[in-house]
Each structure stands twice: as structure tokens, then as C-alpha cells.
Amino acid sequence: KPNADQVPNRFQAPMVLDQLRYSGVFEAVDIRRQGFPFRLTYAQFACRYSCINRAHSYRGSMDEPESLCKEILSTSKQDFGDVQFGKTLLLYRSKEYKTLQLLRNLALETLIPKAQGVMRGHLA
């Protein structure tokens, strides 16, 4: 509610400001202003992009997703120096997003036909 009395149509600006501050809205706006529109949790990132280094066998595991994400990015031949590691999220810009998506699509182009062949062999 925008006021301490919880009465409709009464707006107290300091109370609303405190609510926005405590709910983290201003932090989200600051992150957006810094230009990191792409944010994934470490587990989501590791699950989505672990396929980009096909020849690499990862030492990290999903039990420690942050270290696995660092390994995914460091073993890639591309420069991911602008990627930021937060407490729970991996933050990156559109340049890194496009590169990661391209690498993922290239990896999936070879992995999916192999998986389809195996499945077709089992179904035949």
C-alpha cells in the first residue's frame, strides 16, 4: 500500500520510495543501466551453454555451477572478458549473447543429428 493507513487514493512518496528500495527495484534498474540485459543463474547458464566446448571434458559439476560457468567461458576460444559474475547470476551483454548463441547453435547442429541417429537405430 502507498500509505501507512492503507487507505485508498492516498499516496505517501517516502513510503513508496522505501518500498521500491527494499524490494530491489532500484538495483534492477541500475543493472539494466549498466548494460547487462542478459542474466541467467549459474545453473541455467551451465545447463544451456556447456555444449559449446564439444572437445572439452569439464572438471566442474552442476553441484558447483559457478565454477562450471567459469570453466565453460575460460575454455572457449572466444573472449568473454566482459561477462560479470554476480552472487547468483551471470550477467552479459548482447555481444556475448550473440556469440554464445552462435556457438551453441553450431554445437547443436552436430549433436542433434548424432542423437537422432542413435534413437532411430534403437527404434528400428
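The table below lists the values:
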| item | result |
| --- | --- |
| Aspartates and glutamates whose Cα lies under 14 Å from that of residue 87, excluding same-chain neighbours fewer than 8 positions away | 27, 64, 66 |
| Label point distance in nm, residue 77-residue 111, each placed 7 Å from Cα along Cα→Cβ | 1.9 nm |
| Accessible surface of residue 26 - all protein chains present, 1.4 Å probe, nearest 10 Å² | 80 Å² |
| Among (1) 68; (2) 55; (3) 72, the entry that matches percent of Cα pairs over 17 Å apart as calculated here | (1) |
| Residue-normalised accessible area of region 28-124, given per residue in Å² at a 1.4 Å probe | 68 Å² |
| P(r) histogram, all alpha-carbon pairs of region 2-74 included - 10 Å bins from 0, percent | 17, 27, 21, 16, 13, 6, 1 |
| Rounded Å value of the spacing that divides the Cα centres of region 1-74 and region 89-124 | 25 Å |
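The values are calculated or read from the model by the stated rules, or taken from the named source; none is laboratory data. Computed from a predicted structure; not experimentally measured. Backbone-built Cβ (ideal geometry, glycine too); neighbour counts: all protein chains shown. Surface accessibility is based on the protein's heavy atoms, side chains included, excluding ligands, DNA and RNA. Shrake-Rupley method; radii C 1.70, N 1.55, O 1.52, S 1.80 Å.
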